[in-house]
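Q: First the structure, then my questions, so here it is.
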Amino acid sequence: MLDFQSSEYILPLKDKLQGTKTPMHKRNIHQGCITLSDSHVNPYVIDESVLLFEPSSDDIICRSTGYRYIFNNSFLTPDEEKHLENFVLYFYGEYLPNKQLYEPIDSNEISLMGPEFLRLLYAGNFDYPHVADLVFSNYKFRISDSLPASIEDITNELQNGCLYWFGRDKKCRPTLIADIFKLQSIPYEKVVKLVVFCFEFFLRYLHVGGKSENYILLVDCCNSGVMQLPMQIVFKLIETLHSRYRGRLFRAYFVNTQKLLDIILRPLTSLLPETTCEKIHILGNDYKMVLRNQYSPNQLQEKFGGSCPDLTSNYYPFNFFPNCVGDLDLDKSTIDFKQLDHSFLYGTLMFLRGNVRKQHNRNKYHTPTSEFQQINQPGPNVITVHFEKWLDFIQDFILTRRTAKYIATKRPELLQQVELMTLKTPEDVYRFVKDHS
């Protein structure tokens, strides 16, 4: 854990506060804080095709934009490693001590944000002060009373299909469908609750580190005229997604649109980062063909170009189906994948950098409370950051072939261990589930 008294930090970690008196939702910082009965979870939220999926290098880091989409259980570039090292030293050596001037900080909990550092570095364009603010604001949200998410107060909205998950694309990315006219009819507070519920569901049940870490947003405009579109709801929806769940969106598709929608959307794009704006696509009359190229037919409703009947009810529990990648040899097992521990599925940031020590002069930091007295004593202070604690739990993580090669190249002594954690066949999946259920 992160220890202010010794100025020694261990990053990143799995949830290491199990067994403490801290409430459950406040121990689970980023792996999906949701209260839900198993009867509300479709058996195909995760299946063999997802666990065996091998993303390409372009799926992980887009060749044309340089933007990273997959962060957990993945290789890191030398530049990313250097940025992580510098940011962590800045965050714990300067940013947090300054924050202590104004409010107490639970150092154990904020250390659990470590696996999200690289994702937020990309989201904040590697501007360290801005990224540190993102880390802290996300940490505050994760321990707030907004979580854990539950269906309380939003059951009708979920069942009516205001916002719902439906299937995955061929790259195993789940699809969030928004009916903006239904969303328009409910209070904004409920829109926020719906978004939080859907994304905590995503983090808990749909996210698989190193394989499926992004989602597709499909906004159905219902062929309404431009002036009829509730653009304020569109703005609020994307703003909420952008502020609380950074680095997750792969594409936002607007379908069944009228002409001039791109003009109406310009105020929205001016409020969002360029990287987010590039992900917003307004599809024309050929939208079914565009989506068919990205999805297997059994993962889409007919109105979007798939083979599934259009939903008019039964939007919730959310609908998922086997074999999103279209491999007929997969998904014949009866394994209950949703019973896997969420920490095994979520993964972590696999930073192979060893320990880093740096001397800081903390004369400029003062606090009136005794709780943080030692860290603020005058004189030089040495910060030690341990980046490889996750290796103690390597047997719990699902690896791709590419990640296994990355780890084995840097740590040859781990070759046999990483081979065991690399899922290549349905038999490997069965073994992993049996060992970790």
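Q: Which one of Asp133, Asp179 is surrounded by fewer than 22 Cβ atoms within 10 Å (Cβ to Cβ) and under 15 Å from Phe318 (Cβ atoms)?
A: The conditions single out Asp179.
Q: Return the total of residues in the range 126-151 being of a type in the set (Asp, Glu) and in contact with a strand residue (DSSP E or B) (Cβ under 8 Å, 6 or more places away or on another chain).
A: The number of residues fulfilling the criteria is 0.
Q: Something else now. Of the residues that make up the range 296-304, is at least one out of contact with any Gly (no Cβ under 6 Å at 6 or more places or on another chain), among the polar types (S, T, N, Q) and at pLDDT 75 or above?
A: yes
Q: A follow-up question, please. Taking Ile105 as the residue in question, decide whether it is aliphatic (A, V, I, L, M), farther than 30 Å from Pro43 by Cα and free of Cβ contacts under 8 Å to residues at least 12 places away in the same chain.
A: Considered against the rule, which asks whether it is aliphatic (A, V, I, L, M), farther than 30 Å from Pro43 by Cα and free of Cβ contacts under 8 Å to residues at least 12 places away in the same chain, Ile105 comes out as yes.
Q: When you scan the range 158-250 for helices (runs of 4 or more DSSP H) that lie fully inside it, which ones turn up with 2 or more residues that are at pLDDT 95 or above?
A: Fully inside the range 158-250 and qualifying: 188-201.
Q: Additional query: State which residue is farthest from Ile238 (Cα to Cα) when the search covers only the range 274-290 and only residues that are hydrophobic (A, V, I, L, M, F, W, C) and assigned to a helix (DSSP H, G or I).
A: It comes out as Met289.
Q: Further question: Can you pull out the helices (runs of 4 or more DSSP H) entirely within the range 1-114 that have at least 1 residues that are at pLDDT below 80?
A: Helices (runs of 4 or more DSSP H) meeting the threshold: 24-27, 107-111.
Q: Restrict the check to the range 93-103 and report whether at least one residue is surrounded by fewer than 20 Cβ atoms within 10 Å (Cβ to Cβ) and within 16 Å of Tyr245 (Cα to Cα).
A: no
Q: Same structure again: Residue check, Ser150 against (1) assigned by TED's automatic domain parsing to the domain that holds Thr240; (2) out of contact with any Cys (no Cβ under 9 Å at 6 or more places or on another chain), all met but one. Which one?
A: (1) is the only condition that Ser150 fails.
Q: Have a look at Asn293, Asn323 and point out the one that is assigned by TED's automatic domain parsing to the domain that holds Tyr205, more than 24 Å from Phe235 (Cα to Cα) and not in a loop (DSSP other than H, G, I, E, B).
A: Asn293
Q: Which is surrounded by fewer than 19 Cβ atoms within 10 Å (Cβ to Cβ), under 22 Å from Arg68 (Cβ atoms) and hydrophobic (A, V, I, L, M, F, W, C), of Phe126, Phe117?
A: Only one candidate passes the filter, namely Phe126.
Q: Scan the range 144-157 for residues that are assigned to a loop (DSSP other than H, G, I, E, B) and either within 16 Å of Val219 (Cβ to Cβ) or hydrophobic (A, V, I, L, M, F, W, C) (or both) and report the count.
A: Residues flagged as assigned to a loop (DSSP other than H, G, I, E, B) and either within 16 Å of Val219 (Cβ to Cβ) or hydrophobic (A, V, I, L, M, F, W, C) (or both) within the range 144-157 amount to 3.
Q: Shifting gears a bit: Name the pairs: first residue in the range 241-252 and at positive phi, second residue crowded, with 19+ Cβ neighbours inside 10 Å and among the basic types (Lys, Arg), Cβ to Cβ under 9 Å, at least 6 apart or on different chains?
A: So the pair list comes out as Gly247/Arg68; Gly247/Arg119.
Q: Could you please find all residues in the range 285-317 being in contact with a helix residue (DSSP H, G or I) (Cβ under 6 Å, 6 or more places away or on another chain), within 22 Å of Cys198 (Cβ to Cβ) and either surrounded by fewer than 16 Cβ atoms within 10 Å (Cβ to Cβ) or of a type in the set (D, E, K, R) (or both)?
A: The answer is Asp310, and nothing else.
The values are calculated or read from the model by the stated rules, or taken from the named source; none is laboratory data. Keep in mind the model is a prediction, meaning the values are calculated, not measured. For neighbour counting, all protein chains shown are included, and Cβ atoms are generated from backbone atoms with ideal geometry for every residue, glycine included.
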